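What follows is one structure encoded as structure tokens, with my remarks underneath.
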Amino acid sequence: MIWSKKYSPKSVSEVVGQKKSVEQFTLWYQNWKPGKKAALLTGSPGVGKTCLSEALASEKNLEVIELNASDYRTASQIKEVIGQSMKQHSIFKKGKIFLIDEVDGISGNKDRGGSKEIVKIIEESKFPIVMTANDQWNKKLSGLKTHCQLINFGKVNFWGVLRRLEEICQKENIKCSKDLLKQLAKMSDGDLRSAINDLETLSSGRSEILLDDLQVLGSRERDENIFDSLKMIFKTKSIQAARMSIQNTGKDPDEIFWWIEQNIANEYEKPDEIAKAYDMMSKADIFRGRISKRQYWKLLKYMIDLMTGGVALSKKEMYRKFSRFEYPDRIKYFGMTKMKRANEKEQLLELSQKLHCSTKKIRQEYLPFLDLLNKN
Ligand SMILES: Nc1ncnc2c1ncn2[C@@H]1O[C@H](COP(=O)(O)OP(=O)(O)O)[C@@H](O)[C@H]1O
Ligand SMILES: [Mg+2]
């Protein structure tokens, strides 16, 4: 289990440095009755929004029905999952709580019923609903906000991060200086998850960490850019590190897929390693296809593991060199043909209404003949 999970607070009192938010949240829970507002926890990543909800649930012996962004993409999918368990009481636990994680990630252009559906769920639920989001000012949340009690989380302060890192070192039996931990705490910029991740990366397979080891991490910035992620994937031999590298890029996995695909041969030199890496990509691509065809987002984790960890482990040794990474041709091409494709799509839609069949069918079965007719 990765450390940030392993050392997730087991009780509310273990949550570090969020005194005010913790108070507000506990109070909200105590006063909650059906028909009351949901809680909307906002704040930057890694500050304890999700883990506070989970800690409260375990403390109060509640069953958590959790939905993360990878489980759902649309409000109607949420409704499906929640709808069923909304009416039944829990069999083994004292109560239930719904956690809709990263609700700002829900798709839909600023409301195809998106937040309206959720509002309905909030109004009808027999159990309290907690939502989390990064940015309280996100436009997507505006419809929801009036039905929620807003609880904002600040960054975890330096000393809080430091204390947590010290505890973990102690429990994991890792020797390292206070200076190093201070450095890690400073670099984390209040993101405790990333601080714990860094500590885990540094100590993988060792019982002592030295200040010099910090170089491994490079100068990580909060918004890791895509080049840093690529560097991580291509240089590391740890699946965990490769997988985590894409978390903070702010790009979606599909786009990152093309970045990796483009740059394998820029980094790897041995033919068998290149072949292996592309083999991993082809397998990731199978999942990519299934996800987009069937909207089966549960498969996303396999796609990500293969394209990050799979590619990372395709090399025997790290290449000690600097590679210049290229912008993916594929994305360039999509960018250039965007207008053309949009036009085509519009025309296909028009035809599909007239002909009463799918755009796919028209493209594959009718268009070639229409083309022929045109030519003659
Ligand atoms: N305030 C906190 N107190 C204790 N641990 C924390 C705190 N914030 C983050 N963590 C650690 O980082 C991990 C990720 O935190 P999480 O609650 O998922 O962050 P987010 O705010 O992005 O939901 C947790 O599992 C826990 O180990
Ligand atoms: Mg979270």
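The values are calculated or read from the model by the stated rules, or taken from the named source; none is laboratory data. This one's a predicted model, so the numbers in the text were calculated from it and none came from an experiment. Heads up, the Cβs are rebuilt from the backbone with ideal geometry, glycines too, and the neighbour counts pull from every protein chain shown.
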Any pair with Cβ under 7 angstrom, 6 or more apart, that starts in segment 328-355 at a residue that is within 25 Å of residue 252 (Cβ to Cβ) and ends at one that is of a type in the set (D, E, K, R) and part of a helix (DSSP H, G or I): 328/261; 331/255; 348/363
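Restricting attention to segment 311-352, which residues are assigned to a helix (DSSP H, G or I), among the charged types (D, E, K, R) and more than 20 Å from residue 225 (Cβ to Cβ)?
Here is the first cut: in segment 311-352, the ones assigned to a helix (DSSP H, G or I) are 311-312, 329-336, 338-352.
Remaining after also requiring among the charged types (D, E, K, R): 329-330, 332, 338, 340-341, 344-346, 350.
Residues satisfying the conditions are 338, 340, 341, 344, 345, 346, 350.
For every residue, the table says whether it meets (1) farther than 15 Å from residue 99 by Cβ; (2) surrounded by fewer than 17 Cβ atoms within 10 Å (Cβ to Cβ); (3) more than 8 Å from ligand 1 (Cβ to nearest atom).
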{"position": "27", "(1), (2), (3)": "yes, yes, yes"}
{"position": "30", "(1), (2), (3)": "yes, yes, yes"}
{"position": "48", "(1), (2), (3)": "no, no, no"}
{"position": "52", "(1), (2), (3)": "no, no, no"}
{"position": "56", "(1), (2), (3)": "no, no, yes"}
{"position": "68", "(1), (2), (3)": "no, yes, yes"}
Any hit, segment 118-138, residues being surrounded by 15 or more Cβ atoms within 10 Å (Cβ to Cβ), part of a loop (DSSP other than H, G, I, E, B), within 16 Å of ligand 2 (Cβ to nearest atom) and at positive phi: no
Hey, residue 158 modelled with pLDDT of 90 or more, among the aromatic types (Phe, Trp, Tyr) and surrounded by fewer than 16 Cβ atoms within 10 Å (Cβ to Cβ) or not: yes
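Residues 142, 177: which one is in the same structural domain as residue 20 (by TED's automatic domain parsing), at pLDDT below 95, more than 14 Å from ligand 1 (Cβ to nearest atom) and not β-branched (Val, Ile, Thr)?
Numbers: 177 fails: in the same structural domain as residue 20 (by TED's automatic domain parsing).
From the options 142, 177, the qualifying one is 142.
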Checklist (1) in a loop (DSSP other than H, G, I, E, B); (2) closer than 27 Å to residue 104 by Cβ applied to residue 260, failing item: (1)
Residues of segment 135-161 classified as within 25 Å of the chain's Cα centre (by Cα) and under 21 Å from residue 187 (Cα atoms), total: 8
Residue pairs meeting the criteria (Cβ under 7 Å; at least 6 apart or on separate chains; first among the hydroxyl-bearing types (Ser, Thr, Tyr), in segment 127-146; second within 16 Å of ligand 2 (Cβ to nearest atom) and in a loop (DSSP other than H, G, I, E, B)): 132/101; 132/102
